[in-house]
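Here's the structure we're looking at; comments come further down.
The values are calculated or read from the model by the stated rules, or taken from the named source; none is laboratory data. Because the structure is predicted, anything quoted here is derived from the model rather than measured. Cβ placement follows ideal geometry from the backbone for every residue including glycine, while neighbour counts extend to all protein chains displayed. Heavy atoms of the whole protein, side chains included, go into the accessibility calculation; ligands, DNA and RNA do not. Shrake-Rupley method; radii C 1.70, N 1.55, O 1.52, S 1.80 Å.
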Amino acid sequence: MAGNNFTEVTFFILSGFANHPELQISLFMMFLFIYLFTVLGNLGLILLISIDSQPHTPMHFFLSNLAFIDVFYSSTVTPKALVNLQSIRKTISFVGCFLQMYFFVGLVCSECFLLGSMAYDRYVAICNPLLYSVVMSQKVCRGLGVMPYMIGFTNSLVSICVVSRLAFCDVSINHFFCDTAALLALSCVDAFSTEMVIFVLAGFTLLSSLFIITVTYMAIISAIVQIRSAAGRQKAFSTCVSHIMGVTIFYGSLIFTYLQPENTSSLTQAQVASVFYTIVIPMLIPLIYSLRNKDVKNALLKAFQKLFP
């Protein structure tokens, strides 16, 4: 590396929100409250589903996986952000940065495809109710549950391999966590080929999972329209409301964050949007499914009755 304008990088500085020291305490308290609520809410949802005496449906299985992902992808970002908000040197080691990015990207990609699996489950439940137990067998559920992790972490591994080979001229990341786009901005060599690899991987994840969800919901809507009774249509649609809300919030924040134009103003907007999908959304998932899912509400009611007879 001699003769170049860069040295070997051993750490990075996470400088996101560093320009607003007056907000450090407020952000710390807000992030801490949301993170505790996220962990307790999602782990509580998993526990509630596991101890429910009713037979576990495929939706229970997928919902438990969704809560698991939300706990751990929030945990890859929030604890370090909390430490840095109270630290003068907001550093993270080179290895720690890429480990954070690996697990974060892998879990977010996994959630995209898990939402697709959940959409397929709703499609079978509404369009083929008589064959539901046959089509959504335990073997199929396990496959639809494992596949998102395999695709997500393969995607993440490729991303880490290509980004880690770059040379970095600066160590100050204009973000509160090791985001792929923020790291690419520090490269002092031509990163066009790396950017294209990241673009293709991100595009594949986003578009393919959205395509699965869109196609399944087109079929679901078509089936619901053909139901003669208003009560039947209402019941069928109500089984999808929680999933639709989760998909809209999750994909909306991702698209808003990563389709921003590259300028100073949008960097700040991107950080705010990143706070939403990295910290806030994992908190919303247990709320959405607890308030909108009849089975979860019944399980919660039974748990309260056991605790307070």
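Looking at the stretch 240-288, which of the residues that are at pLDDT 80 or above and surrounded by fewer than 16 Cβ atoms within 10 Å (Cβ to Cβ) is farthest from Ser110 (Cα to Cα)? So, considering only residues that are at pLDDT 80 or above and surrounded by fewer than 16 Cβ atoms within 10 Å (Cβ to Cβ), the one farthest from Ser110 (Cα to Cα) is Val241. Within the set of pairs 6 or more residues apart or between chains, which connect a residue that is within 13 Å of Ile285 (Cβ to Cβ) inside the stretch 231-255 to a residue that is surrounded by 15 or more Cβ atoms within 10 Å (Cβ to Cβ) and of a type in the set (S, T, N, Q) with Cβ atoms less than 8 Å apart? Correct list of pairs: Ser242/Asn293.
Among the residues of the stretch 102-117, just one is surrounded by 21 or more Cβ atoms within 10 Å (Cβ to Cβ) and farther than 16 Å from Leu254 by Cβ, namely Ser117.
Residue by residue, here is whether (1) at pLDDT below 85; (2) open to solvent by 40 Å² or more (accessible area, probe 1.4 Å); (3) not in a helix (DSSP H, G or I) holds:
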| position | (1), (2), (3) |
| --- | --- |
| Phe6 | yes, no, yes |
| Met30 | no, yes, no |
| Ile34 | no, no, no |
| Phe62 | no, no, no |
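With respect to (1) small (Gly, Ala, Ser); (2) farther than 21 Å from Leu115 by Cα; (3) open to solvent by 30 Å² or more (accessible area, probe 1.4 Å), the lone exception for Ser187 is condition (3).
Of all the residues in the stretch 77-132, those that are assigned to a loop (DSSP other than H, G, I, E, B) and either of a type in the set (Ser, Thr, Tyr) or touching a residue at least 12 places away in the same chain (Cβ under 8 Å) (or both) number 5. Figure legend. Inter-residue proximity from the stretch 145-167: first residues at negative phi and among the charged types (D, E, K, R), second residues modelled with pLDDT under 95 and open to solvent by less than 60 Å² (accessible area, probe 1.4 Å), beta-carbon distance below 8 Å, spacing 6+ or different chains. Indicated pairs: Arg165/Thr194.
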